[in-house]
Amino acid sequence: MAQRGIREHDAKVMLAKYLPDYIDNFSYEGELALVTPDTDLEALAAKYPWLKKKKLVVKPDQLFGKRGAHGLVLLDATWDQAKDYLLEKMNKEVLVGTTTGPLTHFLIEPFIPHAQDDELYAAIKSGYQGDSIYFSMAGGISVEENWNQVTKIEVNIMDDIDDIDLRSKLPSSLGDRLDQVADFVRGLYRLYADLGFAYLEINPFIFEDGRIVPLDVVAKLDDTEQFWQRETWKDLESPEPFGRALSEEERYIKDLDSRTGASLKLTILNPRGRVWTMVAGGGASVIYTDTICDLGFGGEVANYGEYSGDPSTEDTYEYTKTILDLMTREKDPQGRPKVLLIGGGIANFTDVARTFKGIVMALEDYRDRLKEADVKIYVRRGGPNYEEGLKIMRRLGERLGVPIEVFGPETHMTRIVPMALDEGM
Amino acid sequence: MVEWYKLFDKKTQAFVYGYQVNAIQRMLDFDYICKRDTPSIAAIINPGRAGIHKVFWSTEEILLPMYRTIPEAVAEHPHVEVMVNFASYRSTFEATMEALGQPGIKTVVVVAEGVPERKAKIMTATARNLGKTIIGPATVGGLVAGAFRIGNTAGTLENIVESKLYRPGCVGFVSKSGGMLNEAFNIVARNSSGIVEGIAIGGDRYPGSNLLDHIMRYEANPEIAMIACLGEVGGTDEYRIVEALKEGKITKPLVIWVTGTCSKVLPTSVQFGHAGARADSYQETADAKNQALRDAGAVVPVSFDDYGDKIGEVYERLKAEGRVKDVVEPEVPSISMDYNKAVVSGLVRKPTTLICTISDDRGEEVLYGGKSLSKVIEDEMGIGGVIGLLWFKKELPSWASEFIEMVLQIVADHGPAVSAAHNAIVASCAGKDLISSLASGLLTIGPRFGGAIDDAAREFKRARDSGLTPDQFVNEMKGKGINIPGIGHRIKSVKNPDKRVELLIGYAREYFKTTDLLDYALQVEQITTAKKGNLILNVDGCIGILFLDLMNSCDGFTEKDVESVVELGYLNGLFALGRSIGLIGHILDQKRLQSRLYRHPQDDIAYMLPDPVSTER
């Protein structure tokens, strides 16, 4: 439930399909071909004859920017050159910013020669009061350097875009293209508002034979619009951010999450880290991880995640097993202990004892491995039936021979964090 | 009229939009322990149904009116200023906008999660233009201690008592997260005299009211001496607080912590639980916001871990300055435990009125005699197998369930003229519905119609069990002047045998371990057919007798089981079940034919009344 990026390919397909509905005399063919590791290139060329007829641009389409600066854009290429390039780059690991990941998706489009001076910039961004439209004559890669040349037009949420005189707000230096650009921006805004966009950036767009052509597009959708956009979004995929290929365990929890009514989340940050958390509730899980970082142990945080929404005993059992398995796979190379924080605030209506039963079952399964990995466990939780839940945990400690410290609402929510970091590590 | 800085007080009454039975009861329970004079809910708005809803007010039950639409509720309860909107994300926008359009409604709480950003912004702008307040979307709401609780805020009553929310303290609290509201109430209660008001604005990117809106209300509220707040990574809401601090608009001590400081160690792509919790620039990080707030003069802890300590320090300082006092605890009325909860906790028990030993629909899947329905289908148990589970509580061997299915086929129909079919047809022709017509037919099954199966089983079993030879049995029955049930046929005879009987016997001989009773019956038949050719073992008798042989051939049936089958009329059940197939066929047949009302021809009735009696005196 948040804003999410979509592929440039999909964004352009939407522009090609819907923009003509919003702008008179507007046409954009949307000659676009998406290449994935499974694409049969010859079949693709048969499907899109322009691939063999036109000069091409090939670029990764995986929700990251500055592709040119990373040397990942092939320009003015023939089909054979494009194929060679794809064969070379497909599935290759690259470093983008600080993230490394494989290249898996590429967008191929016709190459349109143009001068850098002709690159224009338009973007629409969502804000508290409404949306902001940004426009610049100095588009392209240097738009940020020339931010002072960007025109910002505020569209209040209660305003009708048709009542805004875009013509007078756009730079007059557009000259005889002013009307055409104003119509384009207006149409773009209406598409953005109608089709559930939260961010839409075209940088640059150019004029080719008097027609506007978007060259690079970045788009985010407000995914809570799904219900209303089920027709217009039906062909969209929701790609994982670049470099965030899920690990086996993360995928397992994601599957589990989608199958139950409860919310189960897991991100593995550093499998060698010695501080593991299993926290109930989204708000509390952030705060536990915060506190570990604030107390100087950010480098030891192994995972981030949460379980909430009244999970069944089965759900917490599976979730706990996944974490215990990861945490006890190897001992700390320096022989230091590890800690597991089973934390949470005061639940509204979740039966604490019931969720703890699943956790206890998993801990029993992993008894020997927990001992071997020298794990200490700290528990803090409140809410319905918490006394019973804490009692179950205390008894488990005696039975298991693994140190378990157990606290309720009388102890500050995160107090087990400094305790664990002081004593446990 | 409530002061502007108070959204709710001890007299506030709200509409609850959506039939949220639990939340409604929780609000009223809170009212009761707060010793409110009136319930905090004036009416329920339920688009699905108008009428009344029964709730507990302590242990008594009272009625809340329920309306289909907001305008109807407003017309009846013009004093109501608050609507707690539980509508789903799909319809919450329309309900909220309609509520905002009512002049009397000043505050709308939007509980739904997943409201589109554009819709949220329109709701917010509309409310602001009208000088109204929205709390949410995506929030549990909040509460005013001792006065008003929004929906499910603060969880169980135990927790409300634990965090002393039944009476005001001196702290105004606001956070984004509703999930952390309980914890915050706990922290505040343990480190100060407690909460006056606590609100969760919701975790969305564009909440209807923001942190500062509520902080400014707390600043103006003389009951509040200090303010506590939890912010969140992402967005720039906290910078409004920084500005207000710098401009001297917040004079009361403000203890604030922005959560999400760990975002720096997480990959940028990790979305925290809340839609708004994502930093798009350094300015939006928790670290930057905490620093800015600290610089502007707020009390900002080092980490969340000393958040409670900071609240405690400020409270102690205010107490030392004489600005706040510890609260004298009022007596808190206790609320009876909900029956269902007491059952779950094992605190009460009650005798049950009914017992069921054949099926169970309480779990994820219905059980037939201990076996899940999907397993029944998977194992291809068939109708016979299902009858085994539900009638006999046994998994019958497949030859036995196939025999039952054979019987069902045999008894399914016997033409339109027999009692049951005739009755069903007459009822159907009279325009009665399928079920009534079926019942009309079934009601004829008894001692004279269809009962022969049961009777034959009973009589032959009795005769054999009491050691009568076939001869003795026949003579005994003759002596009593009773026809032997199961013997005799209108048309069929020794020379013209009944094909159905042959099939049944053939099957039994092949699959049954024992056919003792059948053999006995055939000996009886030899005697009776010697007297008259049509006194053969008929199909009803054959079924009844073979059924007892079937039970004796299966492991697990005791003599007592066999007796109860005869005694309880299981075999009539078999007949009724099978014959229903035919009856339904006849009823549908008449309906398809659009048959008219049936009237029996008068010339087919012998009218034989007593002689006319003179009425003249």
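The values are calculated or read from the model by the stated rules, or taken from the named source; none is laboratory data. Worth saying up front: this structure is predicted, and the values here are computed from it rather than measured. Cβ: placed from backbone, ideal geometry, glycine included. Neighbour counts: every protein chain shown. For the accessible areas, the whole protein counts, side chains as well, though only heavy atoms, and no ligand, DNA or RNA atoms are used. Shrake-Rupley method; radii C 1.70, N 1.55, O 1.52, S 1.80 Å.
Points to keep in mind about this one:
- Condition met for B:ASP213 (at negative phi, surrounded by fewer than 24 Cβ atoms within 10 Å (Cβ to Cβ) and within 14 Å of chain A (Cβ to nearest Cβ)): yes
- Residue satisfying condition, being at pLDDT 95 or above, more than 14 Å from chain B (Cβ to nearest Cβ) and farther than 23 Å from A:ASN303 by Cβ, within set A:LEU340, A:LEU390: A:LEU390
- Any hit, region B:408-431, residues being under 36 Å from the mean Cα position of the chain (by Cα), open to solvent by 20 Å² or more (accessible area, probe 1.4 Å) and of a type in the set (A, V, I, L, M, F, W, C): no
- Note on region A:1-81: enclosed strands (runs of 3 or more DSSP E) holding 1 or more residues that are touching a strand residue (DSSP E or B) at 6+ places or on another chain (Cβ under 8 Å) and basic (Lys, Arg) are A:3-6, A:56-60.
- A:ARG336 meets the stated requirement of being in contact (Cβ under 8 Å) with a residue 12 or more places away in the chain, farther than 20 Å from A:GLU249 by Cβ and open to solvent by 20 Å² or more (accessible area, probe 1.4 Å).
- Residue check for B:GLY155: closer than 30 Å to A:ALA2 by Cα, open to solvent by 10 Å² or more (accessible area, probe 1.4 Å), small (Gly, Ala, Ser) and within 14 Å of another protein chain (Cβ to nearest Cβ): no
- Screening B:GLY322, B:GLY369, B:GLY363 for residues that are open to solvent by less than 70 Å² (accessible area, probe 1.4 Å), more than 30 Å from B:ASP29 (Cβ to Cβ) and over 45 Å from the mean Cα position of the chain (by Cα) leaves exactly one candidate, B:GLY322.
- Answer residue from region B:187-207, given it is at the interface with chain A (Cβ under 8 Å from one of its Cβ atoms) and modelled with pLDDT of 95 or more and is surrounded by the fewest Cβ atoms within 10 Å (Cβ to Cβ) among those: B:ARG190
- Complete set of residues in region A:52-96 that are more than 16 Å from A:LEU41 (Cα to Cα) and β-branched (Val, Ile, Thr): A:VAL73, A:VAL94, A:VAL96
- For region A:274-333, the set of residues classified as among the polar types (S, T, N, Q), open to solvent by less than 40 Å² (accessible area, probe 1.4 Å) and within 14 Å of another protein chain (Cβ to nearest Cβ) consists of A:THR277, A:SER285, A:THR289, A:THR291, A:ASN303, A:SER308, A:THR313, listed by residue number.
- Tabulated pairs, region B:379-392, first under 14 Å from B:MET551 (Cβ atoms), second open to solvent by less than 20 Å² (accessible area, probe 1.4 Å) and among the charged types (D, E, K, R), C-beta under 9 angstrom, 6+ apart or interchain: none
- Residues of region B:19-37 that are under 20 Å from B:THR96 (Cβ atoms) and either open to solvent by less than 10 Å² (accessible area, probe 1.4 Å) or hydroxyl-bearing (Ser, Thr, Tyr) (or both): B:TYR19, B:ALA23, B:ILE24, B:MET27.
- Residue satisfying condition, being touching a residue at least 40 places away in the same chain (Cβ under 8 Å) and either within 14 Å of chain B (Cβ to nearest Cβ) or at positive phi (or both), within set A:PHE135, A:PHE184, A:PHE205, A:PHE197: A:PHE197
- Complete set of residues in region B:98-133 that are within 12 Å of another protein chain (Cβ to nearest Cβ), among the basic types (Lys, Arg) and without any contact (Cβ under 8 Å) to a residue 40 or more places away in the chain: B:ARG118, B:LYS119, B:ARG128
- Restricted to region A:89-132, and to residues there that are within 12 Å of another protein chain (Cβ to nearest Cβ), outside any loop (DSSP other than H, G, I, E, B) and over 20 Å from the mean Cα position of the chain (by Cα), the residue that is surrounded by the fewest Cβ atoms within 10 Å (Cβ to Cβ) is A:GLY130.
- Just so you know, in region B:158-186 the residues that are farther than 18 Å from B:ARG217 by Cα and among the basic types (Lys, Arg) include one that is nearest to the other protein chains (Cβ to nearest Cβ), and it is B:LYS164.
- Condition check for B:GLY136: more than 13 Å from every other protein chain (Cβ to nearest Cβ) and either buried (at least 23 other Cβ atoms within 10 Å of the Cβ) or touching a strand residue (DSSP E or B) at 6+ places or on another chain (Cβ under 7 Å) (or both): yes
- Residue match in region A:28-37 (condition: among the β-branched types (Val, Ile, Thr), within 23 Å of the chain's Cα centre (by Cα) and within 19 Å of A:ILE112 (Cα to Cα)): no
- Residue within region A:299-310 that is acidic (Asp, Glu), within 26 Å of the chain's Cα centre (by Cα), more than 26 Å from B:ILE187 (Cα to Cα) and not in a strand (DSSP E or B) present: yes
- Selected residue (criterion: modelled with the lowest pLDDT) from residues of region B:27-69 that are on the phi > 0 side of the Ramachandran plot and over 24 Å from the mean Cα position of the chain (by Cα): B:SER58
- Restricting region A:247-270 to residues that are open to solvent by less than 40 Å² (accessible area, probe 1.4 Å) and out of contact with any Leu (no Cβ under 8 Å at 6 or more places or on another chain), the residue that is nearest to the other protein chains (Cβ to nearest Cβ): A:SER263
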